[in-house]
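The values are calculated or read from the model by the stated rules, or taken from the named source; none is laboratory data. None of these values were measured; they are calculated from a predicted model. Here the Cβ is made from the backbone with ideal geometry for all residues, glycine too, and neighbour counts use every protein chain on show.
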Amino acid sequence: MDDLLRLDAKLLYRRLDSVLKTINRGQEQGDLLRSFLEESFKTLGEHLRWKASILYEERGDSFELVQVVGNLGGQAASSLDLSHTSLQPLFRNQVHIFDNPDADDSPYRHGILPHSASAALVIGKRPSRIIIFYALEQGWVHEELEFSLNALRAALGVRLLADRLHGSVKEAAAIQQSLLVDEPPSFEGFDIACNIIPAEEVGGDFYDFLSFGDHIGIAIGDASGHGLPAALLVRDVVTGLRMGVERHLKVAHVFEKLNRVIHRSMLSSQFASLFYGELESAGNLIYVNAGHPPPLIFNGNSIEALDRGGSVIGPLPEATFQRGITRIEPGSVLFLCTDGILERGNAKGEYFGDCCLRKTINAHHGRSAREMLESVFAAAFEFGDGKPWEDDATGVLVIRK
């Protein structure tokens, strides 16, 4: 399942971004929610097997029906009491799938929806929560639906938050800059370089280093979104990772605890890809990859992709992670980056990708880490026809001497 989520997450988030980009900033909340309901149904409904999406808004002691999109095949309840049986598991979990329409707590049994499997998500705090129900066609997949609804819930929550906090770019930039180091720490036997170019004043990319004497921790990640919500998520991920690692917990366990914390957060966009590795002076590397583009080890003519780990951080509350173990030999190069480099596109619709990256690394073998990293950024920029960066671009390069 984790492999499936790593493959699907990137496409899902692109589709979510396309939905959010169609919604005008500054809309009243009611208009924004209606637009989101319509665009998300049009973009995701067929793939996730939705028959209809049904929006309710909290008003006083009940939730009132606002809009139905799609073919529900019957009537939806015009209002829902807060003590309604079907709402209790939803309030507990924020996202809930009612896979059996004949179960005691199903929306069908309590007159909310016509007979079908269904799912729902809730966003916000009392007294201004919203609920979206989804009536499901046959053929839906539980894990995919749960993952997608958690991501939807996060994306819409972030958009509502961003509209309230519009204009807080400077505060977000200050948060982000406070976490990034200017120069990587020195580590005997290794040459290390790092660089980040945000596409906007504030982005979601980050890197971090932790020094432990006989080994060094290296992290790189990409938090969804931009502006203050992304900066807050970066803060939470970096701080949580630092605290967990410094307590000498096992790396996979740190990721599982961090995932639960991010999942519960109400002030973040709730999903981030993250790679963290602990590099020993002898070259051994223990790592976990949470849905991040796999870092590559270049060792002569061989290339190893570091992809062992699990799904992205945030959407699933009980995600599990596995650690990977490898080794960086003398003369080898470890390169870590974010999508901004790999998905740098040109006018022909081509991507910089692994192929161009490998050619660039091989062409500059023997140079310093700083020179090699600058060559990668320059090659990716040139590949994109010299246009401004469309996404944050971040890279960390490590050479074992």
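Overview of values
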read-out: In region 301-326, the residues that are touching a residue at least 12 places away in the same chain (Cβ under 8 Å), under 23 Å from residue 281 (Cβ atoms) and surrounded by fewer than 15 Cβ atoms within 10 Å (Cβ to Cβ); value: 325
read-out: Selection count where residues are closer than 23 Å to residue 34 by Cβ and exposed (fewer than 14 other Cβ atoms within 10 Å of the Cβ), scope region 123-143; value: 4
read-out: Any hit, region 338-345, residues being surrounded by 15 or more Cβ atoms within 10 Å (Cβ to Cβ), farther than 26 Å from residue 301 by Cβ, of a type in the set (Gly, Ala, Ser) and in the same structural domain as residue 279 (by TED's automatic domain parsing); value: yes
read-out: For residue 56: the one exception among (1) surrounded by 14 or more Cβ atoms within 10 Å (Cβ to Cβ); (2) free of Cβ contacts under 8 Å to residues at least 60 places away in the same chain; (3) not basic (Lys, Arg); value: (2)
read-out: Segments classed as helices (runs of 4 or more DSSP H), wholly inside region 290-401, with at least 3 members that are closer than 28 Å to residue 149 by Cα; value: 339-342
read-out: Any chance residue 172 is more than 20 Å from residue 58 (Cα to Cα), under 17 Å from the mean Cα position of the chain (by Cα) and either of a type outside the set (Val, Ile, Thr) or modelled with pLDDT of 70 or more (or both); value: no
read-out: Subset of region 270-289 [of a type in the set (Gly, Ala, Ser) and either crowded, with 24+ Cβ neighbours inside 10 Å or under 18 Å from residue 150 (Cα atoms) (or both)]; value: 272, 273, 277
read-out: Cross-chain or 6+ apart pairs with Cβ under 7 Å, region 108-131 first and on the phi < 0 side of the Ramachandran plot and part of a strand (DSSP E or B), then crowded, with 20+ Cβ neighbours inside 10 Å and small (Gly, Ala, Ser); value: 118/135; 123/157; 131/120
read-out: Residues satisfying the stated conditions in region 36-67, i.e. outside any helix (DSSP H, G or I), under 19 Å from residue 128 (Cα atoms) and of a type outside the set (D, E, K, R); value: 54, 55, 56, 60, 62, 63, 65, 66, 67
read-out: Residue, farthest from residue 205 (Cα to Cα), within region 376-394, restricted to residues that are surrounded by 20 or more Cβ atoms within 10 Å (Cβ to Cβ) and of a type in the set (D, E, K, R); value: 391
read-out: Flag if residue 329 is at pLDDT 95 or above, more than 25 Å from the chain's Cα centre (by Cα) and not basic (Lys, Arg); value: yes
read-out: Test for residue 385: is it modelled with pLDDT under 95, touching a strand residue (DSSP E or B) at 6+ places or on another chain (Cβ under 7 Å) and among the acidic types (Asp, Glu); value: no
read-out: Evaluation of residue 43 against (1) surrounded by 17 or more Cβ atoms within 10 Å (Cβ to Cβ); (2) without any contact (Cβ under 8 Å) to a residue 60 or more places away in the chain (one fails), failing number; value: (1)
read-out: Residue that is in contact with a Pro (Cβ under 9 Å, 6 or more places away or on another chain) and either assigned by TED's automatic domain parsing to the domain that holds residue 316 or touching a residue at least 12 places away in the same chain (Cβ under 8 Å) (or both), where the choices are 89, 101; value: 101
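Each row is one residue, and each column tells you yes or no for (1) more than 26 Å from residue 43 (Cβ to Cβ); (2) of a type outside the set (Gly, Ala, Ser).
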{"residue": "59", "(1), (2)": "yes, yes"}
{"residue": "70", "(1), (2)": "no, no"}
{"residue": "87", "(1), (2)": "yes, yes"}
{"residue": "91", "(1), (2)": "yes, yes"}
{"residue": "94", "(1), (2)": "no, yes"}
{"residue": "105", "(1), (2)": "yes, yes"}
{"residue": "109", "(1), (2)": "yes, yes"}
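Okay, residues lined up against (1) in contact with a Cys (Cβ under 7 Å, 6 or more places away or on another chain); (2) buried (at least 16 other Cβ atoms within 10 Å of the Cβ); (3) aliphatic (A, V, I, L, M):
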{"site": "82", "(1), (2), (3)": "no, no, yes"}
{"site": "89", "(1), (2), (3)": "no, no, no"}
{"site": "100", "(1), (2), (3)": "no, no, no"}
{"site": "103", "(1), (2), (3)": "no, no, yes"}
{"site": "113", "(1), (2), (3)": "no, yes, yes"}
{"site": "120", "(1), (2), (3)": "no, yes, yes"}
